[in-house]
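Novice: Next up is a structure, given as C-alpha cells.
The values are calculated or read from the model by the stated rules, or taken from the named source; none is laboratory data. Keep in mind that what you see is a predicted model, and the values were worked out from it rather than measured. Cβ coordinates were reconstructed from backbone atoms using ideal geometry, including for glycine residues, and neighbour counts include every protein chain displayed.
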Amino acid sequence: MSDIVSGAALRGAPATAAPPTPPGTDRPEFTTKERSQGELILRRFLRHRAAVVSLFVFLLTLAFAFLGPYVWKYDHTYKKGPGSVPPNLSYPFGTDQVGHDMLAQVIRGTQQSMKIALVVMVIATVLGTLWGAAAGFYRGWLDAALMRFVDILLTLPFIAVAIALNANIRGGGAWWALALVLGLLSWTGISRVVRGVVLSLREQEFIEAARAMGASDSRIILRHLVPNAMGVVIVSATIIIAAAILAETALSFIGFGVQAPDTSLGLLITNAQSAVTTRPWLFYFPGVFIILIALTINFIGDGLRDAFDPRQSLVRK
Amino acid sequence: MFAYTMRRLLAAIPILFAASVIVFSLVAISGDPLEPLRLRTPPVPQQTILNQEHRLYLDRSIPERYWTWLTGFGANPGDDIGIIRGNFGPSVRASVDIGTELGDRAWVTLRLVFVAMFLAVILAIFAGVISAVKQYSKIDYSFTFFGFLALSIPTFWFAILLKSGGIYYNQATGTSTFFTIGNKSPDTASFTTWQNITDVAGHMVLPTLSLMLISYASWSRYQRGSMLEVLNSDYVRLARAKGLRNRQVMVRHALRTALIPLTTVTALDIGGIIGGAVITETVYEWRGLGKMLVESVNGRDVFSVLAWLLFAGFVVVVFNIIADLLYAVLDPRIRYE
C-alpha cells in the first residue's frame, strides 16, 4: 500500500532501456518504459471496461444535471405546460398533472441529489479520514475511545437517525441541512478502513525516518500517512456517493428530505407513486436516473479498487 | 459457551448505555419539540406552554432530563419514566403508551426483517457459491451484473414497482392474488388461526421481496469473494489431494469457512435493514415500526423517538452477539470458554 501514491520517489529513477540488440540475432526489439505509480493506476483503471464506460456515463449525468438548466428552455418552477402529457418532442420526459415539464424537474432533481451526495462525500471523507488516522496513529486510549464511539454510532440505524434529526433541525428541508446530517452520519465506515491502513503504515521505515527528521505528529499524519492511505480513501468515497444518493432519495421520498417547491429525484418518485401504470413516465425517468448514478458509481468504485490494489497485475484474468 | 454468552450480554450494557447518551443528546439538540405550539396563531396562553414544558420535562436542564429519562428518579408524580425500569416516558399524544405501542409495532416489523434477512442470506450463499465455483463463466458474469444492478436500485423505487405490479396483476386477472396494502386484512375477527397465518404471510410476500433485494446483492458479492479465497487456499487443495469427493470438499471444508465473513457482514448490516424496513413499510402502508417513527417525528414526540432509536440499537446489539456465537459454530478454531 505504501507506494501507491508516493510514486514521486520512483519517478526520479532513470529510465532503463535494454541494451541495443546486436545485429544479426533474431532477438526481438525490447525496451522498457519508465512509468509512475499514477500512470500504473490509470492504466489498470482503463483496463476495467465497465468502470471506464461508467465514468463516461457518470460525467454525462453530471453535465446533464449542472449544465442542463442553461441549455433546456424550461426550469423546474415552470408549470404552465399541458397536464399529464406523455413524452413528446416539446416535452421529452412528458409533464405531470400540474403541468411541470418533467425534463426540467429531472434535471433539477438530479442536480439536487448530486449536490447532496457530493457534499456528503466531502464531509464524510474528511471527517472519517482524520478520525481513523488519529485513532490508528496515536493508538492507546485515544484509539479505544474514538473507535468505541464509531462502534456505538454503528448500532444506530442510519436512516432512522437521519429522519429523527432532519425533521427537527432548523432549516429542515434545505438541501444543505440534509447534506450536513447525512455527512455527519456517513463517516464511520471510512474511519475504520483508514485506521486499519494507518496501523500498518505507522510501523514502516519512512514514518520512522520522518520522525527522526523531527516532523511533528500532524505533519506525519497529513503529509505521510493520509496520502499513502489515499487508495482506500478514494474507493470508500465513491461508495459513500452511491450510499448517499440512495439515502437522500429515500429520505426525500418519505418526506424528510428535500421539500417542494424544490425537488430531488426521491421527491419526484413520491409524486409518481400512484401513477406507475397510468403515467409511467413520471415514475421511470427519475428512477432510472437514481439507478444510473448509483450503478455507474458502483462500477467506478470497483474499477478503482482493482486499480489501487497492488496485488493486481496488469493482466486481467 | 454459556459463560461466554453471559459475558457478551454484560458487555452489551455499557454499549447500550453509551448509545442512550448519544441518542438523547442528538435528539435534545436537534430541535424544540414545542416549536409548533409556540408558533401557533393565535398564540396559545403562556400557561399551556409552561404546562407542556413541565409535562415533557423541558423545564429541566439536558443532564437532569437525561438522568430522569434513564433512571426515573425525580419524575413528575404519576409519570411512568425511567428506561432501566422499562418505562419510556410520557408521549405527546395523551392516549398513547410508548412501551405498548413499541411492542405491537416491533413484532410486525421484526418478522419482516427476519424473514427478509433469512431469505437474502440463503439466496446470497447460493448465488455467491455458484459464482465462485464457476468463476468467469457466463453465469458468474450474469450474477455479478445482476448484483451490481440490484445494489443500485433504491428500495422504495423497487417496492413501488412491485406493488403496482401486484395491483396490475390483480386487476388483469380479476383476483386478489397479491396483498399490496397493510400488514394484515382489516377485519380478521372471524379468522381461524390458520387463516390468520396465511393472511399475514400473504401480506408479507411483496414487502419481503422489496426489502431483501439490496441485502441479497451485497451479501452475494461478499460470499463470492470469501468462497473464492477459500477455494484457492492450501487446505482445500489438501482436501482434494487426499481424494475427498468434490461434494464433501465443497460443503464440509470450503463452504463452512467461507460463511464466516458473511456472518460478520450480516450482523453489521442489520441496522441498515431496519432502516430499509422503515422505507418498505411506508410504501406498503404497514402499521409497523416505520410508521411509528414517522408519526413520532412528525408529532415531535421526543420520548417516542428516543424509545424507538434505543430499541433499534438494542436489536442491533443482540444481533451482533448472535453473530459472535455463530462464529463458534462455524469456525472450529474459535471455541469460547
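Novice: In the stretch B:235-291, which residue that is surrounded by fewer than 18 Cβ atoms within 10 Å (Cβ to Cβ) and of a type in the set (K, R) is farthest from A:N271 (Cα to Cα)?
Specialist: Looking at residues that are surrounded by fewer than 18 Cβ atoms within 10 Å (Cβ to Cβ) and of a type in the set (K, R), I get B:K242.
Novice: While we're on this one: Residues to consider are A:L180, A:L118; find the one that is within 13 Å of another protein chain (Cβ to nearest Cβ) and assigned to a helix (DSSP H, G or I).
Specialist: Answer to the check: A:L180.
Novice: Filtering the stretch A:249-274 down to residues that are part of a loop (DSSP other than H, G, I, E, B) and free of Cβ contacts under 8 Å to residues at least 40 places away in the same chain, which residue is farthest from the other protein chains (Cβ to nearest Cβ)?
Specialist: A:A260
Novice: Just give me the residues in the stretch A:275-291 being in a helix (DSSP H, G or I) and at the interface with chain B (Cβ under 8 Å from one of its Cβ atoms), in sequence order.
Specialist: A:F283, A:G287, A:I290, A:I291
Novice: Hey, another quick one. Please go through the stretch B:290-306 and pick out each residue that is more than 9 Å from chain A (Cβ to nearest Cβ) and either under 13 Å from B:V278 (Cβ atoms) or under 15 Å from the mean Cα position of the chain (by Cα) (or both).
Specialist: If the condition is that a residue be more than 9 Å from chain A (Cβ to nearest Cβ) and either under 13 Å from B:V278 (Cβ atoms) or under 15 Å from the mean Cα position of the chain (by Cα) (or both), then B:K291, B:M292, B:E295 are the ones that fit.
Novice: Out of the stretch A:206-220, which residues are under 12 Å from A:F137 (Cβ atoms) and in contact (Cβ under 8 Å) with a residue 24 or more places away in the chain?
Specialist: A:D217, A:I220
Novice: Can we say B:G165 is under 30 Å from A:T277 (Cα atoms) and either surrounded by fewer than 20 Cβ atoms within 10 Å (Cβ to Cβ) or among the basic types (K, R) (or both)?
Specialist: yes
Novice: Let me ask you something else. When you scan the stretch B:97-210 for helices (runs of 4 or more DSSP H) that lie fully inside it, which ones turn up with 1 or more residues that are of a type in the set (A, V, I, L, M, F, W, C), within 14 Å of another protein chain (Cβ to nearest Cβ) and more than 30 Å from A:L295 (Cβ to Cβ)?
Specialist: Result: B:98-133, B:155-173.
Novice: Residue by residue through the stretch B:296-335, note down the ones that are farther than 19 Å from A:L156 by Cβ and touching a Lys or Arg at 6+ places or on another chain (Cβ under 7 Å).
Specialist: Matches in the stretch B:296-335: B:G299, B:D324, B:A328, B:L330.
Novice: Which residues, counting only those in the stretch A:259-285, are within 20 Å of the chain's Cα centre (by Cα) and of a type outside the set (S, T, Y)?
Specialist: A:L265, A:G266
Novice: Ok, one more. What tally of residues in the stretch A:46-79 results from selecting those that are in a loop (DSSP other than H, G, I, E, B) and out of contact with any strand residue (DSSP E or B) (no Cβ under 9 Å at 6 or more places or on another chain)?
Specialist: Qualifying residue count, the stretch A:46-79: 2.
Novice: Before we move on, is B:I273 of a type in the set (V, I, T), more than 18 Å from B:F24 (Cβ to Cβ), at pLDDT 90 or above and in a helix (DSSP H, G or I)?
Specialist: Considered against the rule, which asks whether it is of a type in the set (V, I, T), more than 18 Å from B:F24 (Cβ to Cβ), at pLDDT 90 or above and in a helix (DSSP H, G or I), B:I273 comes out as yes.
Novice: So A:L10 passes all but one of these: (1) farther than 24 Å from A:I245 by Cβ; (2) at pLDDT 80 or above; (3) of a type in the set (A, V, I, L, M). Which condition number does it fail?
Specialist: Of (1) farther than 24 Å from A:I245 by Cβ; (2) at pLDDT 80 or above; (3) of a type in the set (A, V, I, L, M), only one is false for A:L10: (2).
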